[in-house]
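Working notes for the structure below.
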Amino acid sequence: MKQTTKSLVTALAAVVAAGAVGLGALWVSRDETRKTAAKEQSTKLFAIDKDKARELRIEKAAALVAEVKRASATAPWTIAKPPAAAGADADEQAVTEVIDKLASLKQKAEVEGMDPSAAGLAEDNSGLRITVVEEGGKTSVLAVGADNSFDQTTYVKKGGDKIIRVIAGYDKASFEKNLFDLRDKRLARLDAAAEVRKLEVTGTPVPYAAEKDSAGWKLLAPTGPADPQAIDGAVNAIRALRATDIAAESADPSQLKSYGLEPAKVAVKLTVAAPGAKDPSVQTVLLGQPKPKEGSVAVKTYALRSGSHTVFAVDGKIVKDLSLTSFDLQDKSVSPFDREQVKRIDFATPGAPLLSIARKKAAAPDAGSTEEDFEVTSPQKGSAKKWKVSGALASLSGLRAAAFGGAVPKDAAGLGRLGLGKPRTVTVFGEGDKVLARIEVGGEVGKDKKRRWVHAMGGPRVVEVEKGPIDDLPWTAADVIEPPPAPPAGPRSLPARSLPDGGVAAPGLTTK
């Protein structure tokens, strides 16, 4: 065989050998991948279709703790057992968390040759037992045994399986639920998307009712503009109210008096519009605070919702949260206006030149948005400090009363006592010099002098406001006008140098 032929054969053999090694490596890699996938799958204890779950049962020490059921994937979970709580709503999130944990539960290891009794998994089922039944009858059972403090694990067994397995100890807490844990603890059954259209509260020192329309909340009793923050706060307080305990699963009318619910201390009536509902629904929550027993000062608070005979214990703070004063209920906006409509702001101080500031909006260089700018037009012209004027507009549009005073005095003496005889005045103008707001600023209030009297255009009364936002307004041009830019630094001459013969060099060199 020629040398050239031998070389070709040798090279071909090397290529074939390399290909075989590559194929072998690829096969091994794929085989290892399959083994890894199989190992990960084997650590998962159950294959549960959570949407098909129809029943959850929890038992402890061979006794039923709770059983909850639902008719379909979209139906609510309800308590089925024990009989005393049958028909009560279940806590959707609590039930879902238990089923989710069982569906995702993984073992850490399998234990061989261990006595089930030593693992707390004796056949008498004296430990914790979780059962999920799916549509069609498929059942998944987990028996939870003793804890191993050495490595913070817990022994478990699957229903119908003799293998003892180990799970992370912290997973056990997800299954340790009692009946109350699985109960719906909301007093007002309001979904996140449900909108309260009307709120009526009686039994508080100031009974009140408010109704919401497209413009917002308005007071029906007492009448007048409502403070939306106060009404929303009351609605959110009753929305967030949760039971802290079950005082009585089924109280008959004769027992309600002992819980302070007949008559109730406070009654809350909600008219609710739920998404997709044709007509609004009405819910009522009664709150009671019976007199403390002799020798005790502890005041307990109980609640009863419409359509239920269960008396819940609740945090007594809810009574305070709902007890709004007349001042709380009323709109405390002094003179709100739409900032985007503002074209000019005038600040007038008796005996001083009028400060007038124009607001302009121009397209940004990138044409992506508009920018606002401010210019002082009187008593002199110049650029205004944007941050100062922008802050002033925010303070004025958001100015709120700290307290309500009486009607605006009609005589000079009365106005003088409030410092409103010759007040400082802020006027906000819109397009075509339309007055959007005008606020007269008077004197200081009280001994601590932390507030001022003000009167807003069209307002029937004077109000007290905090001094800070008012006193920080730009009342003079010096407060707001931008100082002229500093002149650029010119060249600096070097000092003259002495020459060796006693002469002086010309100072012609400069530095910057």
Could you please tell me which pairs satisfy a Cβ distance under 8 Å, a separation of 6+ or placement on different chains, a first residue in the stretch 194-208 that is modelled with pLDDT of 95 or more, and a second residue that is part of a loop (DSSP other than H, G, I, E, B) and of a type in the set (Val, Ile, Thr)? PRO205/THR325; VAL206/THR325
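Looking at ALA75, ALA103, ALA109, can you tell me which residue is exposed (fewer than 13 other Cβ atoms within 10 Å of the Cβ) and modelled with pLDDT of 95 or more? Full working, then the answer.
Values: ALA103 fails: exposed (fewer than 13 other Cβ atoms within 10 Å of the Cβ); ALA109 fails: modelled with pLDDT of 95 or more.
Of the residues listed, the single one that is exposed (fewer than 13 other Cβ atoms within 10 Å of the Cβ) and modelled with pLDDT of 95 or more is ALA75.
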Going through the stretch 215-246 one residue at a time, which ones are surrounded by fewer than 21 Cβ atoms within 10 Å (Cβ to Cβ), in a strand (DSSP E or B) and touching a residue at least 60 places away in the same chain (Cβ under 8 Å)? LEU219, GLY224, PRO225, ARG242, THR244, ASP245, ILE246
If GLY405 meets every condition in (1) of a type in the set (Gly, Ala, Ser); (2) in contact with an Asp or Glu (Cβ under 9 Å, 6 or more places away or on another chain); (3) in a loop (DSSP other than H, G, I, E, B) apart from one, which number is that one? (3)
Looking for whichever is within 35 Å of the chain's Cα centre (by Cα), buried (at least 18 other Cβ atoms within 10 Å of the Cβ) and modelled with pLDDT of 95 or more here; the options are LEU420, LEU396. Which one fits? LEU396
Provide a single number: the residues in the stretch 344-361 that are assigned to a loop (DSSP other than H, G, I, E, B) and either modelled with pLDDT under 95 or out of contact with any Leu (no Cβ under 9 Å at 6 or more places or on another chain) (or both). 5
If you take the residues in the stretch 146-160 that are in a strand (DSSP E or B) and not β-branched (Val, Ile, Thr), which one is nearest to MET114 (Cα to Cα)? TYR155
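Have a look at ALA412, ALA362, ALA358 and point out the one that is of a type in the set (Gly, Ala, Ser), without any contact (Cβ under 8 Å) to a residue 12 or more places away in the chain and more than 27 Å from GLU444 (Cα to Cα). Before the answer, list the steps.
Details: ALA412 fails: more than 27 Å from GLU444 (Cα to Cα); ALA358 fails: without any contact (Cβ under 8 Å) to a residue 12 or more places away in the chain.
None of the others qualify; the one that does is ALA362.
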Let me spell it out: the conditions are (1) at pLDDT 95 or above; (2) surrounded by 17 or more Cβ atoms within 10 Å (Cβ to Cβ), and GLY120 meets all of them except one. Which number is the exception? (1)
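From the list LYS361, LYS467, LYS449, LYS388, which one is over 35 Å from the mean Cα position of the chain (by Cα) and charged (D, E, K, R)?
Working: LYS361 fails: over 35 Å from the mean Cα position of the chain (by Cα); LYS467 fails: over 35 Å from the mean Cα position of the chain (by Cα); LYS388 fails: over 35 Å from the mean Cα position of the chain (by Cα).
Just one listed residue meets the conditions, LYS449.
Right, ALA413: at pLDDT 85 or above, in contact with a Pro (Cβ under 9 Å, 6 or more places away or on another chain), more than 18 Å from PHE337 (Cβ to Cβ) and aliphatic (A, V, I, L, M) or not?
Details: at pLDDT 85 or above: yes; in contact with a Pro (Cβ under 9 Å, 6 or more places away or on another chain): no; more than 18 Å from PHE337 (Cβ to Cβ): yes; aliphatic (A, V, I, L, M): yes.
Here the answer is no, as ALA413 does not meet what is asked.
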Looking at the structure I just gave you, is SER140 at pLDDT 90 or above and among the hydroxyl-bearing types (Ser, Thr, Tyr)? yes
Return yes when ILE318 is in a helix (DSSP H, G or I) and in contact (Cβ under 8 Å) with a residue 24 or more places away in the chain and no when it is not. yes
Residue that is surrounded by the fewest Cβ atoms within 10 Å (Cβ to Cβ) [pool: residues in the stretch 275-304 that are touching a strand residue (DSSP E or B) at 6+ places or on another chain (Cβ under 7 Å) and either of a type in the set (Val, Ile, Thr) or not in a strand (DSSP E or B) (or both)]: VAL282
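Just to verify a result, which residue in the stretch 78-98, among those that are of a type in the set (Val, Ile, Thr) and closer than 17 Å to LYS52 by Cβ, is surrounded by the fewest Cβ atoms within 10 Å (Cβ to Cβ)? Let's see the steps before the verdict.
We begin by selecting, within the stretch 78-98, every residue of a type in the set (Val, Ile, Thr); these are 78-79, 95-96, 98.
Of the ones still in play, those that are also closer than 17 Å to LYS52 by Cβ are 95-96, 98.
On the way: VAL95: 24, THR96: 15, VAL98: 21.
Filtering first and then ranking leaves THR96.
For the stretch 137-171, enumerate the residues that are touching a Ser or Thr at 6+ places or on another chain (Cβ under 6 Å) and touching a residue at least 40 places away in the same chain (Cβ under 8 Å).
VAL166, ILE167
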What are the pairs, 6+ residues apart or on separate chains, where a residue within the stretch 117-136 that is under 15 Å from LEU45 (Cβ atoms) and touching a residue at least 24 places away in the same chain (Cβ under 8 Å) has its Cβ under 9 Å from a residue that is part of a loop (DSSP other than H, G, I, E, B) and basic (Lys, Arg)? VAL132/LYS138
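Quick check on ALA456: is it touching a residue at least 60 places away in the same chain (Cβ under 8 Å), in contact with a helix residue (DSSP H, G or I) (Cβ under 9 Å, 6 or more places away or on another chain) and more than 19 Å from GLY351 (Cβ to Cβ)? Give the derivation first.
Working: touching a residue at least 60 places away in the same chain (Cβ under 8 Å): yes; in contact with a helix residue (DSSP H, G or I) (Cβ under 9 Å, 6 or more places away or on another chain): no; more than 19 Å from GLY351 (Cβ to Cβ): yes.
No, not satisfied.
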Checklist (1) touching a strand residue (DSSP E or B) at 6+ places or on another chain (Cβ under 6 Å); (2) of a type outside the set (A, V, I, L, M, F, W, C); (3) crowded, with 18+ Cβ neighbours inside 10 Å; (4) in the same structural domain as VAL98 (by TED's automatic domain parsing) applied to GLU135, failing item: (3)
Would you be able to say whether some residue in the stretch 260-274 is assigned to a loop (DSSP other than H, G, I, E, B) and within 27 Å of the chain's Cα centre (by Cα)? yes
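The values are calculated or read from the model by the stated rules, or taken from the named source; none is laboratory data. What you are looking at is a predicted structure, and each value in this text was computed from that prediction instead of being measured. As a convention, Cβ positions derive from the backbone with ideal geometry for all residues, glycine included, and neighbour counts pool all protein chains shown.
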